[in-house]
Amino acid sequence: MSDPSEHGGASERGGLPGAGLVKGLAVTLKTMTSRSTTQQYPDVAPDLPPRSRGVIALSEENCTVCMLCARECPDWCIYIDSHKEEVAVPGAARPRQRNVLDKFDIDFSLCMYCGICIEVCPFDALYWSPEFEYAEYDIKDLLHDKDHLGQWMATVPPPPAHDPNGEPAKEETAAARKAAAARPASPAVRPEADQDPAS
């Protein structure tokens, strides 16, 4: 038969028997008497963090059908279709061609909200919108076309203000360099302090 002192009885731990139970009940009592902070979701809109990932919005006029977003998507949930159109340029020898977006669909039943498509887009055609209430009764209705994605552009928040202590944006640096190069150089003035006035 084993000695109870070998297993660390209540007397060895320095506490009274049932002290853990009393501690747990004290926490429960404190929680029961404190005011609840639960937000009633459908009636009270949640305060979302500034960089929330809700749904992907499309700015159709910025899209050049470069297909980078569809190629980089790990889930292959972006479907793009386009056709070429000739554009007559005054003074040009021949008309130019441009891509016209026919179809831009995102299947949100496959999307894992990684944001790679938004990061790789070189023309700022895709944006995160904090809109998250787009549940459907049928999974097929989670395939959203370019018109539906375009409607969410109205919910895209403006970009945050630039940190004054941070590094300036590339565009600002390039514009400052261009302005400095365009300014005419001032003529060099020789110092007159070394010259003797009598001479």
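Structure above, values below:
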read-out	value
Some residue of the stretch 116-128 being free of Cβ contacts under 8 Å to residues at least 60 places away in the same chain and open to solvent by 90 Å² or more (accessible area, probe 1.4 Å)	yes
Glu72 being charged (D, E, K, R), open to solvent by 40 Å² or more (accessible area, probe 1.4 Å), within 20 Å of the chain's Cα centre (by Cα) and modelled with pLDDT of 95 or more	yes
Residues that are in a strand (DSSP E or B) and among the aliphatic types (A, V, I, L, M), drawn from the stretch 98-113	Val100, Leu101, Ile106
Residue list for the stretch 146-160, restricted to those being open to solvent by less than 80 Å² (accessible area, probe 1.4 Å) and of a type in the set (A, V, I, L, M, F, W, C)	Leu149, Trp152, Met153, Val156
Of all residues making up the stretch 71-97, the number that are outside any strand (DSSP E or B) and free of Cβ contacts under 8 Å to residues at least 12 places away in the same chain	9
Extreme residue, nearest to Asp105 (Cα to Cα), among residues of the stretch 42-69 that are open to solvent by less than 30 Å² (accessible area, probe 1.4 Å) and of a type in the set (Ser, Thr, Tyr)	Ser59
Leu143 in contact (Cβ under 8 Å) with a residue 40 or more places away in the chain, open to solvent by 40 Å² or more (accessible area, probe 1.4 Å), closer than 18 Å to Ala57 by Cβ and more than 17 Å from the chain's Cα centre (by Cα)	no
Leading residue by the ranking (nearest to Val156 (Cα to Cα)) among those in the stretch 75-110 that are open to solvent by 60 Å² or more (accessible area, probe 1.4 Å) and among the aromatic types (Phe, Trp, Tyr)	Tyr79
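The values are calculated or read from the model by the stated rules, or taken from the named source; none is laboratory data. Please read these numbers as outputs of a predicted model, since none were measured by experiment. Note that we place each Cβ from the backbone using ideal geometry, even for glycine, and neighbour counts take in every protein chain shown. Each accessible area value is taken on the protein alone, full model and side chains, heavy atoms only, with ligands, DNA and RNA left out. Shrake-Rupley method; radii C 1.70, N 1.55, O 1.52, S 1.80 Å.
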